[in-house]
Amino acid sequence: MPNRPRLLILGAHPDDAEFHGGGLAAIYRELDRPVKLVSVTDGSAGHHERTRDELIPLRRAEAANAGAVIGATYETWDFTDGELEPTLDVRRRIIREIREFQPDLVLTHRICDYHPDHRAVGQCVQDASYMVTVPLVVPEVPALKNDPVVAFLPDLFTRPTPLRPDVVIDIAPYMKSISQMLACHQTQLFEWLAYEADVLHTVPNDQAAKEAWVLEWAKRYIGPRRERFREFLTAKAGAEQMSSLQFIEAFEISEYARQPDEDALKTLFPNAFFPSSVE
């Protein structure tokens, strides 16, 4: 395991990476570790008024600004938002990205998810996990000797199976960074998502007030993770420490990629709660 492990987050849309894994990304950058955030789609479906052509450059710029908050690279690909499928083209693009960036840890969506784009990305990462080591697959990019560890981003879905946390991180100290990253996605937080939640009338005009609004929004949506994974947290952190936790990120290690030992887990997930081994 290198001294400066590299983190790659493959999300379906601009803002997925920071909402689900922004705490760990901020920790990595705090430790001067390389971080790259990727939106596999162009984000062009996420609005109620703007056109796709108008939205694509806006969301690409918003994502780049979000990455800059913590000093991370943020790349937005060209697959069409809302129409993503787990195709060979997507798989090949992901294999190429993993080989070129050479991450030690990859975070992505589970295939148990409400959004078809999320499911497609999760399926393609699963399908790419072993193939990144096969030289005759995407031969124009040298194959990796070893595949990275892959972990699933936190979610609250339960069917057909809930996320089984192998690692939990206290992200309370990083909520401000997460909210600042999310606030960069102006067309989403202050327009589209506010419209969907029927709270457009609550969005303030002042930028500082908007950042405070986003922080409360993030707390409202991230907070329930603590209760969902209470049993794991109580067992690993203890009831006393559990009572002090407010905001967490929980990750499940994919069994389809490299399996980390305890030392690797400690390196890849600083300050985390985890079992002594991953089953």
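The values are calculated or read from the model by the stated rules, or taken from the named source; none is laboratory data. Just so you know, these numbers come straight off a predicted model, no measurement behind them. Methodologically, a virtual Cβ is constructed for each residue, glycine included, from the backbone with ideal geometry; neighbour enumeration extends over all protein chains shown.
Here are the numbers for this structure:
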read-out	value
Search result, residues across segment 157-179 that are surrounded by 20 or more Cβ atoms within 10 Å (Cβ to Cβ) and not small (Gly, Ala, Ser)	163, 165, 166, 167, 168, 169, 170, 171, 174, 178
Test result for residue 169, in a helix (DSSP H, G or I) and touching a residue at least 40 places away in the same chain (Cβ under 8 Å)	no
Unmet requirement for residue 166, which otherwise passes all of (1) at negative phi; (2) of a type in the set (Asp, Glu); (3) out of contact with any strand residue (DSSP E or B) (no Cβ under 6 Å at 6 or more places or on another chain)	(3)
Evaluation of residue 91 against (1) at pLDDT 95 or above; (2) under 27 Å from residue 134 (Cα atoms); (3) not in a helix (DSSP H, G or I) (one fails), failing number	(3)
Flag if residue 153 is touching a strand residue (DSSP E or B) at 6+ places or on another chain (Cβ under 6 Å) and at pLDDT 95 or above	yes
Top-ranked residue in segment 84-118 [being acidic (Asp, Glu) and under 18 Å from residue 152 (Cα atoms); ranked as surrounded by the most Cβ atoms within 10 Å (Cβ to Cβ)]	117
Cβ pairs under 7 Å, 6+ apart, first in segment 60-74 and in contact (Cβ under 8 Å) with a residue 12 or more places away in the chain and closer than 15 Å to residue 13 by Cα, second surrounded by 15 or more Cβ atoms within 10 Å (Cβ to Cβ) and among the acidic types (Asp, Glu)	66/18
Filtered residues of segment 1-57 (kept if aliphatic (A, V, I, L, M) and in a helix (DSSP H, G or I))	17, 24, 25, 26, 27, 55, 56
Residue check, residue 204 of a type outside the set (Ser, Thr, Tyr) and either surrounded by fewer than 19 Cβ atoms within 10 Å (Cβ to Cβ) or free of Cβ contacts under 8 Å to residues at least 24 places away in the same chain (or both)	yes
Residue satisfying condition, being part of a loop (DSSP other than H, G, I, E, B) and within 16 Å of the chain's Cα centre (by Cα), within set 154, 139, 160	154
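For every residue, the table says whether it meets (1) without any contact (Cβ under 8 Å) to a residue 60 or more places away in the chain; (2) of a type outside the set (Lys, Arg).
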{"position": "218", "(1), (2)": "no, yes"}
{"position": "226", "(1), (2)": "yes, no"}
{"position": "233", "(1), (2)": "no, yes"}
{"position": "242", "(1), (2)": "yes, yes"}
{"position": "251", "(1), (2)": "no, yes"}
{"position": "274", "(1), (2)": "no, yes"}
